[in-house]
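Input: a single structure, listed below in structure tokens.
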Amino acid sequence: MPAGGFVVGDGSRAYPGKLTPFVLFTCVVAAMGGLIFGYDIGISGGVTSMPSFLRRFFPSVYRKQQEEATSNQYCQYDSPTLTLFTSSLYLAALISSLVASTVTRRFGRRLSMLFGGILFCAGALVNGFAKHVWMLIVGRILLGFGIGFANQVRNYK
């Protein structure tokens, strides 16, 4: 059964802080941790099904896909390297979120978020200039470290 209510207050603030441009910018940067994680989930699924990407970085998967033109979608991409490419970001994010709590406790949120941002940018650069599969995997690991730091620091109390 739904219920409703309202709060009557005296109009005073419980927290005397102000919404400054710095606070607003910090909130936006903190929200980016979740945004980049969700963006990657959407992009990595689309990219790994692009024929040009598969042809260049995963030729065995591309050949198998061309040979078996069936409608069966189960295990279409059964490549350990492709699996490593996809899952490396998520595993790195998990591991770095565990490490990030210690780093945040020791050095503070600002440096932890800066470190996460630097790792994410480094991963984006490595992935942008990747010529080989191992470069893609290293780039995704760096992206995962950056995402893990950003998500953990955002939730740190």
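The numbers here are math on the coordinates, done by the rules we state, and not lab data. All values reported here derive from a predicted model rather than from experimental measurement. Note that we place each Cβ from the backbone using ideal geometry, even for glycine, and neighbour counts take in every protein chain shown.
Per-residue extension of 0.36 nm, minus the Cα-Cα distance of L19 and A124, leaves a gain of 34.6 nm for this segment. Full extension of the chain between S60 and V133 yields a length gain of 25.0 nm, computed as 0.36 nm times the residue separation minus the alpha carbon distance. A simple spin-label model places pseudo-atoms 7 Å from Cα toward Cβ; at L35 and F53 they are separated by 2.1 nm. Counting 0.36 nm for each residue step from I43 to F107 and taking away their Cα separation leaves a gain of 19.8 nm.
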